[in-house]
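The values are calculated or read from the model by the stated rules, or taken from the named source; none is laboratory data. Given the structure is predicted, the values throughout are model-derived calculations rather than measurements. Neighbour counts run over all protein chains shown; Cβ positions are idealised from the backbone, glycine included. Quick note on the areas: whole protein, heavy atoms, side chains included, nothing else; ligands and nucleic acids left out. Shrake-Rupley method; radii C 1.70, N 1.55, O 1.52, S 1.80 Å.
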Amino acid sequence: MLKPEIVKKLIKILGKENVFTTKEDLICYSYDSTPHDHLPDIVVAPANTQEIVAIIKLANEHNFPVVPRGGGTNLSGGTVPIQGGLVLALHRMNKIIEIDTDNLTATVEPGVITATFHQTVEKEGLFYPPDPQSMFMSTMGGNVAENAGGPRGVKYGVTKDYVLGVEAVTPTGEVVKVGGKTIKNVSGYDLIRLFAGSEGTLGVITQITLKLIPKPEAKRTILAIFDHLDDAAKTVSGIIKQRIIPTTLELMDQKTMELIEGYIPSGLPTDAEGALLIEADGSAIDVDRQIGVIEQMCKTCGAREVKVAQDATQEAQLWAGRRSAFGAMARSARQVLAEDATVPRSKVPDIVRSIQQIAAKYQLTVPTLGHTGDGNMHPNILVMKQDEEEMKRVDAAIDEMFKAALDLGGTLSGEHGIGLSKQKYMKWQFDKASLDMMKAIKKAVDPNNILNPGKIFLKDE
Amino acid sequence: MELLDKLSEETDKCIRCGLCQKVCPIYAEMRSEPFVARGKVRLVKEIIKGDLEISDRFKEIMDLCLDCGACVANCPATVKTNHLVLAARAKVTSEKGLPLIMKGALHGFLPNNKAQALAVKMAYFYQHSGLQSVLRKSGLLETLSKDLSQKEGVMPEFAPRTFRSMLSDLPLKKSGKIRVAYYLSCMTNMVNPDLGKAVIKTLEYHDCEVIIPKDVQCCGTPHLAYGDTQIANQIAEKNARLLMETGADYIVSDCATCGATLKKYDEMVSNAKGFSDKVYDISEFLVKIAGLRVGKKPVKGVVTYHDPCHLARGQGVKNSPRQILKSIPGLTLVEMEEADRCCGGAGTFNVMHYDLSMRILDRKITNIQNVDPNFLATGCPACTMQLEHGLAQHSMAVPVIHPIKLLAETY
Ligand SMILES: Cc1cc2nc3c(=O)[nH]c(=O)nc-3n(C[C@H](O)[C@H](O)[C@H](O)COP(=O)(O)OP(=O)(O)OC[C@H]3O[C@@H](n4cnc5c(N)ncnc54)[C@H](O)[C@@H]3O)c2cc1C
Ligand code: SF4
Ligand code: SF4
């Protein structure tokens, strides 16, 4: 509970209608897309940077936590106010401030929904490639704070590759502006990269300047079915050796296809080890050339079936299965834990096999999807009962999956972040010196541990 | 609490993915978590668990739902948020009674003239449709009754005679290939007897024998919306009995909302076993059962189609009305964007929350404007009133018309 005098001050800063204290409101800001939850003491919805400055100064004065929140769709417990305090709901700051067609940049407030941003720039013939599959719910601020990626990452990179400038309120209530509209910028430390993936612990991002590129003229899709996972992996490296980088290289494993077919039959085989959904983009002529090479490569590498979409309807058909994958999983379980282990591209078959072995060992169903092009795998653990016994098996399986990923030279998280969910694995991936450096940075900018405390690092480490 | 308890499993299905944010029209305007399905589901869950009590804020949140079903259709786990919300409202009503609505009504629309015009229209409709019991308890009608006499100019064009009173003079064919019971909706009865005539003409053109039980009542939707389950069940029992007694092979409705509720009778009352399987929306019936027959007379122009929530998602009927419109000679169907997005009418939602409803409606009107049609077709009277109001506010002279009326013009 915050003292009444603090609530009064907050009302003065934000206006009564933007300060929420009923239990109903607190409950609604106690969770995100993970199973974690904890009630905040208060929720406020600021309208601008100045209000945020005032709120953070107040928080430092009275020592209460502040947790920034966008769409609340992160998969790591990032917006759960685990130590209570104040949730900063950023939905009112949702203006697209500028689209600069001369410099191919855009400047937005953090609460802009990713898909709205896509649609707006695409109307100008421009393109913002990062495409987290939560784009209709996630915010641009949340995307930067989690450094979100998506299927297009293999060709176009992830959010941080498009951030040219950031305005943020520091944990002590100062406003910093770093970067700008230039592509090249080596003045000083690269603080933009520091904010990308900072998970709301180093500053509240209040304005973002993004790089845009011209919208590709055309795109086409291929679906290739493989009896053996290794052949699918060979295909991926084969295509890249031909100097073609597809826009997406999505792998579905056998379990995933079984679930999809049991839900919305989409013509996927249930007896094949995997399928690759490949999309290429570029100029119309070049796309046709790329598709030709990719089709040939799939066949050479042993695909048992290759389907090339000839028009938009067929393209939609090929994607239909992949699009319903999440629903198929959600329907068949009480909870879906979307994990995020990522390995070097060449190790994809190994990690998929490890995941399957671990799943069998702990009697779990773990359909795996992945952005194979960049080795970003999503083993989705289907939790059926959610009782203590099952959760023990789940935890053990997750432990082993991360070990396997790290052993293969990979990382804990490709795009979902650490938050609360992966804290305990941090010391597996990082040596003490690296962890200490990260903590030293946090301590230097947030001496009172105000901003999103209790995340990324375990308390006692 | 019973009804809610049964829904405990339903709340457990939510995996908190947030995908409902994409489609909820209320969330699009409010942008804050309590108003999206994920938030509502969570709150209902806490009520069931006993960790939260019914409060004014809880009621306020549950009231802001259009029952449009968009969240359910888009939910990977198909969580029936709209059912949860209706059950929560029933719980609120049983604990707190209805008078709070009056507060909402007083604050929401009385200070606003445009809102009043719409309210008078809706209230008049409710008063005359025999469903006023719910609204009477709310105090809405009392507050408005004075205005009613002064505001005759803004009332809907009520028909000089109700359809019900015309029935005895209407010669109905006594035979046909299929026996169809036609459920008489309040709106067709009071405002749009021409639609009733068109439906009969169309059904008979399709070689159906039409039987119309005169004593059916309002379908019970408004009662469900305000949490008055008891009355709703009484109505369902009576209507199901009257319609079953006709011995018809099929039961057909020309109102999207009535149809959706008729299709739920078998879940509501015990005497309706097998009843709901016989219920069809008129468009669905013509296309899927009777085999669509179109006449030769053309209807010239461009038509765009608005999907009523209770037809598109409530009954899964999207293609049949479009197929009918496309088959009409001289008529071109041009799709608007977001055709199946709620217009914001939602029964009396537009009266209780006028400003919010109008924001939702504006998006619909813009989508219609972009097509610039000669006709706007839709198969729901509540949508029709809402859309007519919006078009009038934007000075657009586009008639809102039921697809069957356009079809009947070809004969
Ligand atoms: C169905 C589904 C699919 C998904 N697919 C993908 C995917 O393909 N790729 C991917 O990368 N992720 C994916 N995610 C995860 C999630 O959507 C992303 O992490 C996204 O970037 C979160 O955005 P948000 O606005 O919801 O942020 P939130 O969940 O609100 O916040 C995330 C973190 O950012 C911080 N934060 C938010 N806004 C700010 C700000 N303005 N300033 C500072 N910190 C801030 C919060 O404190 C928190 O730590 C998916 C999630 C779901 C549910
Ligand atoms: S889409 Fe369904 S499962 Fe996902 S948060 Fe909304 S109600 Fe829950
Ligand atoms: S039924 Fe419609 S208004 Fe209600 S929560 Fe679902 S999408 Fe929103």
So A:Leu126, is it under 23 Å from A:Lys23 (Cβ atoms), in contact with a Pro (Cβ under 7 Å, 6 or more places away or on another chain) and open to solvent by less than 60 Å² (accessible area, probe 1.4 Å): no
In the range A:122-139, is there at least one residue being at pLDDT 95 or above, away from chain B (no Cβ under 14 Å) and under 11 Å from the mean Cα position of the chain (by Cα)? yes
Would you be able to say whether some residue in the range A:338-357 is crowded, with 16+ Cβ neighbours inside 10 Å and either within 14 Å of chain B (Cβ to nearest Cβ) or part of a strand (DSSP E or B) (or both)? yes
Tell me, which helices (runs of 4 or more DSSP H) lie completely within the range A:375-447 with 2 or more residues that are open to solvent by less than 20 Å² (accessible area, probe 1.4 Å)? A:388-407
The residue that is modelled with the highest pLDDT, considering only those in the range B:190-212 that are closer than 19 Å to B:Thr257 by Cα and outside any helix (DSSP H, G or I), is B:Ile212
When you check B:Pro222 against the structure, is it open to solvent by 10 Å² or more (accessible area, probe 1.4 Å), modelled with pLDDT under 90 and not in a helix (DSSP H, G or I), yes or no? no
Within 14 Å of chain B (Cβ to nearest Cβ) and farther than 18 Å from A:Gly78 by Cα: which single residue out of A:Lys9, A:Lys23 fits that description? A:Lys23
For the range A:358-371, what are the residues that are open to solvent by 40 Å² or more (accessible area, probe 1.4 Å) and touching a residue at least 60 places away in the same chain (Cβ under 8 Å)? A:Thr365
What strands (runs of 3 or more DSSP E) lie completely within the range B:299-396 and have 3 or more residues being open to solvent by 10 Å² or more (accessible area, probe 1.4 Å), outside the structural domain of B:Cys20 (by TED's automatic domain parsing) and more than 16 Å from ligand 1 (Cβ to nearest atom)? B:331-333
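Here's the yes/no breakdown for (1) open to solvent by 30 Å² or more (accessible area, probe 1.4 Å); (2) under 27 Å from B:Thr81 (Cβ atoms); (3) touching a residue at least 12 places away in the same chain (Cβ under 8 Å); (4) assigned to a strand (DSSP E or B):
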site: B:Val216; (1), (2), (3), (4): no, no, yes, no
site: B:Ala236; (1), (2), (3), (4): no, yes, yes, no
site: B:Thr261; (1), (2), (3), (4): no, yes, yes, no
site: B:Lys297; (1), (2), (3), (4): yes, no, yes, no
Every residue in the range B:1-31 that is away from ligand 2 (no atom under 15 Å from the Cβ) and closer than 20 Å to A:Gly78 by Cβ, please. B:Arg31
For the range B:67-80, which positions are in a loop (DSSP other than H, G, I, E, B), more than 10 Å from chain A (Cβ to nearest Cβ) and open to solvent by less than 30 Å² (accessible area, probe 1.4 Å)? B:Cys68, B:Gly69
Reported set for the range B:11-27 where residues are over 12 Å from B:Cys65 (Cα atoms), within 24 Å of the chain's Cα centre (by Cα) and touching a residue at least 24 places away in the same chain (Cβ under 8 Å) is B:Cys20, B:Lys22, B:Val23
Restricting to the range A:142-161, count the residues that are in contact (Cβ under 8 Å) with a residue 60 or more places away in the chain and either farther than 16 Å from A:His416 by Cβ or more than 6 Å from ligand 1 (Cβ to nearest atom) (or both). 9
Pull up the range B:21-66, narrow it to residues that are within 16 Å of ligand 1 (Cβ to nearest atom) and within 7 Å of chain A (Cβ to nearest Cβ), then point me to the one that is most open to solvent (accessible area, probe 1.4 Å). B:Lys22
Examine the range B:383-399 for a residue that is under 25 Å from B:Ala198 (Cβ atoms) and charged (D, E, K, R), and state whether such a residue exists. yes
Output yes when any residue across the range B:41-53 is within 10 Å of ligand 3 (Cβ to nearest atom), under 25 Å from the mean Cα position of the chain (by Cα) and under 15 Å from A:Tyr29 (Cα atoms), and no when none is. yes
Select from the range A:211-221 the residues that are touching a helix residue (DSSP H, G or I) at 6+ places or on another chain (Cβ under 7 Å), part of a strand (DSSP E or B) and open to solvent by 40 Å² or more (accessible area, probe 1.4 Å) and list them in ascending order. A:Lys211, A:Lys219, A:Arg220
Among the residues of the range A:60-82, is there at least one that is more than 10 Å from chain B (Cβ to nearest Cβ), more than 25 Å from A:Val175 (Cα to Cα) and either of a type in the set (Val, Ile, Thr) or in contact with a Cys (Cβ under 8 Å, 6 or more places away or on another chain) (or both)? yes
Of the criteria (1) within 30 Å of A:Lys443 (Cα to Cα); (2) within 14 Å of chain B (Cβ to nearest Cβ), which one A:Gln119 fails: (1)
Here, strands (runs of 3 or more DSSP E) confined to the range A:105-210 with at least 2 residues that are within 23 Å of A:Val66 (Cα to Cα) are A:163-169, A:175-179
